[in-house]
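Since the structure comes first, as structure tokens, the remarks are kept for the end.
The values are calculated or read from the model by the stated rules, or taken from the named source; none is laboratory data. Nothing here was measured: the structure is a model prediction, and the numbers come from that model. As a convention, Cβ positions derive from the backbone with ideal geometry for all residues, glycine included, and neighbour counts pool all protein chains shown. Each accessible area value is taken on the protein alone, full model and side chains, heavy atoms only, with ligands, DNA and RNA left out. Shrake-Rupley method; radii C 1.70, N 1.55, O 1.52, S 1.80 Å.
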Amino acid sequence: AQSVTQPDIHITVSEGASLELRCNYSYGATPYLFWYVQSPGQGLQLLLKYFSGDTLVQGIKGFEAEFKRSQSSFNLRKPSVHWSDAAEYFCAVGISNFGNEKLTFGTGTRLTIIP
Amino acid sequence: NAGVTQTPKFQVLKTGQSMTLQCAQDMNHEYMSWYRQDPGMGLRLIHYSVGAGITDQGEVPNGYNVSRSTTEDFPLRLLSAAPSQTSVYFCASSYNLYSGANVLTFGAGSRLTVL
């Protein structure tokens, strides 16, 4: 079964600083990888996804993520964070199996932005 | 507006009571699912459905029932609520079938407290 690890429970960065959120997955083949964002009191919104092809994917709100097969990682990055980026971020992994429609989520990383 | 609608947004139950969380989507999505979100545990899949009349268990199905009589609706039933079911519940849907590349659209969530 697939699994996802987000090793950082809480990260604090200054507004304007760069950001990297870590995500590691466990799966025998290349999975489908996602990053979702959850603002306080809201549902989850898709930031970006990786299915195949270029390992650097661009998402909404200026985020990008890089798939590194050798490290089983899919880290999320942003060059300069804004106060509105404060939220909780979830990495998720899905597999392509006939009839298997499960997405497995990590435990999330809460991002705090300081002025 | 198109999307996933969950009701109620908030509910307080006493131990042993039953209730149904409603989920409806108007995007003609075949796939629907229920997750629960608990602090430090991310989102865990309760039940999912790949189409009307078809449901299956996720990671944490005990204490919950689902049915899918129409494409649009996927209610989650708690037959005898327990304090361990205090959580935030999210319904999510997707168009893609038989592919791990699910891009889920989430509802706004339902916060349930069991006393």
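With coordinates expressed along the principal axes, the C-alpha atoms belonging to the protein assembly as shown extend over 48, 41, 34 Å, beginning with the largest. When +1 charges are put on Lys and Arg Cβ atoms and -1 charges on Asp and Glu Cβ atoms, the dipole computed for chain A relative to its Cα centre reaches about 160 debye. Using a simple spin-label model with pseudo-atoms 7 Å out from Cα toward Cβ, residue B:41 and residue B:27 lie 2.6 nm apart. For residue B:14, the aspartates and glutamates whose Cα falls under 20 Å of its own Cα, not counting residues fewer than eight places away in the same chain, are B:38.
Full extension of the chain segment joining residue A:46 with residue A:18 gains 8.0 nm, where the gain is 0.36 nm per residue of separation less the Cα-Cα distance. Give me the percent of the accessible area of chain B that comes from carbon and sulfur atoms, probe 1.4 Å, all protein chains in place. Answer for chain B is 50 percent, counting heavy atoms of protein chains only.
Please work out the Cα center distance from region A:1-52 to region B:20-57, rounded to the nearest Å. After rounding, the separation between the Cα centres reads 20 Å.
Projected label points at residue B:95 and residue A:110, each 7 Å from Cα along the beta carbon direction, are separated by 3.6 nanometres. A Förster distance of 30 Å, applied to the separation of the beta-carbon atoms of residue B:88 and residue A:56, puts the FRET efficiency at 0.35.
Going from the isolated chain to the complete set of protein chains, region B:11-46 loses at least 10 Å² of heavy-atom accessible area (1.4 Å probe) at B:31, B:35, B:37, B:40, B:41, B:42, B:43, B:45. The relative contact order of chain A comes to 37 percent, based on Cα pairs under 8 Å that sit 6 or more residues apart. With the simple spin-label model, which puts each label point 7 Å out from Cα in the Cβ direction, the residue A:71 to residue A:8 separation comes to 1.2 nm.
For chain B, the solvent-accessible area with a 1.4 angstrom probe is 45 square angstrom per residue.
Between A and B, buried accessible area from a 1.4 angstrom probe totals roughly 1800 Å², ignoring ligands, DNA and RNA.
Show me the ranking of peptides A:43-50, B:80-87, A:19-26 by mean Cβ neighbours inside 10 Å, starting with the highest. Write down the numbers at each step before the final one.
Numbers: A:43-50: 20.2, B:80-87: 15.1, A:19-26: 18.2.
Listed from highest to lowest mean packing, they are A:43-50, A:19-26, B:80-87.
Sum up the charges of everything whose Cβ sits under 14 Å from the Cβ of residue A:78, counting Lys and Arg as +1 and Asp and Glu as -1, but leave residue A:78 out. Before the final figure, lay out each step's value.
Working: positive: A:22, A:61, A:77; negative: A:15, A:20, A:64, A:66, A:85.
Here the charged neighbours net out to -2.
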